[in-house]
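What follows is calculated from the coordinates using simple rules that are stated; it is not laboratory data. For clarity, every value in this text was computed on a predicted model and none was experimentally measured. Positions of Cβ are generated from backbone atoms using ideal geometry, with glycine treated the same way; all protein chains shown enter the neighbour counts.
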Amino acid sequence: MPEQPGPTAAVLRPTVSEGIATITIDRPPANAFDPALITEFLNVLPPLVDDPDVRCIVLRGTGRFFVAGADIAVMRELTEATQRAMRPWVDVQRLLETAPKPVLAALNGHALGGGAELALACDMRVMTESATIGFPEIALGLFPGAGGSQRLPRLLGAHRAKLLMIEGTRLTASDALGIGLVDKVAPDAEFDECIRSTARALADKPTRTIGLLKRIVRDGLALPLDQALDLEFSAVLELIGTADAAEGLQAFLDKRAPTFTGR
């Protein structure tokens, strides 16, 4: 986790094209996050999350890193004030997790510590072949305390997640794919095209339906089954009022491909 320049170096580069919003994290040398970068995220994300014309959000980094984790220059100040200043990283993740549209983590490079935690909050993780991913905090006497200790067990199961965090394992792309930590691996030379085609496929789906699905899966996990089924049915009643549901069924009857609008 290399040390980073001061807070003025935090830079996000958001672009929107044909319904796909791409947020590029460009904070050399390793795209580590600090309070300034967190603030940028909290300013940039909400308009994209709320915009119905944005059908998919893509996060990616620059250079050899997706996000290297927290800025050690900040974290070495072991005070409650520092922890509270960095804690809104979980608010960034919550915005992604609850976005009513698909969110794609484009792991263009190494995703470590808080970078891996950021990726866990996304709906899909696509990794370039030469990258690694892991939770090395244990080597610093720390543990993944910005969402990782809670999301990783929910994804992989408690035992495997606990071992990855205790051992500080740094996984290759193929190893991460093998245990279900990432969803797809692309050769480095094909990574950008893989991200473009994957984001396009997600954006072309009924994204309001995806938003409802995300919500009931997320909220239902914390409920007894009977209550979760009631939650599901309330979402079904909301779903049948959408334009995309009408379009999907009509397209099936017409024997044509549907054209979804996310509404």
- Which of F41, V217, L156, positive extreme of dipole for the chain (C-beta unit charges): L156
- Task: Quick one: check the C-alpha center-to-center distance for the stretch 170-192 versus the stretch 44-83, whole angstrom.
- Result: 21
- Task: Would you mind checking which residues have amide H under 5 Å from K184's amide H? H placed 1.01 Å from N; only 5 or more apart, or other chain.
- Result: R125, M127
- Task: Report ³J(HN,Hα) in whole Hz for each residue of the stretch 229-243, in order, from the Karplus equation J = 6.51 cos²θ - 1.76 cosθ + 1.60 where θ = phi - 60°; Gly and Pro get x.
- Result: 5, 5, 4, 4, 5, 4, 6, 4, 5, 5, 5, 5, x, 8, 5
- Message: Amide H of F65 versus every other amide H placed in the peptide plane: which residues, excluding those fewer than 5 positions away on the same chain, fall under 5 Å?
- Response: H110
- Query: Ordered by packing density, taken as the mean number of other Cβ atoms within 10 Å over each peptide's residues, highest first, how do 18-24, 29-35 rank?
  - Reply: 29-35, 18-24
- Task: Of the DSSP beta bridges with both residues in the chain, give the percent that are antiparallel, rounding to the nearest 5.
- Result: 30
- Item | HN-Hα J in Hz across the stretch 163-172 - Karplus 6.51, -1.76, 1.60, θ = phi - 60°, x for Gly and Pro | 5, 4, 6, 5, 7, x, 4, 10, 8, 6
- Identify which of S234, S197, S149 has the largest mean-square fluctuation in a Gaussian network model of the chain, with springs joining Cα atoms closer than 10 Å. S234
- How about K205: which lysines have a C-alpha closer than 30 Å to its C-alpha, ignoring those fewer than 8 places off in the same chain? K101, K184, K214, K255
- Item | Dipole magnitude (debye, nearest 20) for the chain, charges at Cβ of Lys, Arg, Asp, Glu | 200
- Using θ = phi - 60° and the Karplus form 6.51 cos²θ - 1.76 cosθ + 1.60, what ³J(HN,Hα) does each residue of the stretch 179-191 get, whole Hz, x for Gly and Pro? 9, x, 6, 10, 9, 7, 10, 10, x, 3, 5, 10, 4
- Per the Kirkwood treatment, what hydrodynamic radius in Å, one decimal, follows for the stretch 123-207 from the mean inverse distance over all distinct Cα pairs? 14.1
- Query: Rounded, prolate or oblate: which fits the chain, taking a ≥ b ≥ c as square roots of the Cα gyration tensor eigenvalues, rounded meaning a/c under 1.5, else prolate when a/b beats b/c?
  - Reply: prolate
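Which peptide among 56-67, 136-147, 108-119, 152-163 comes first, and what is the full order, when sorted by highest mean count of other Cβ atoms within 10 Å?
Highest to lowest by the protection proxy: 108-119, 56-67, 136-147, 152-163.
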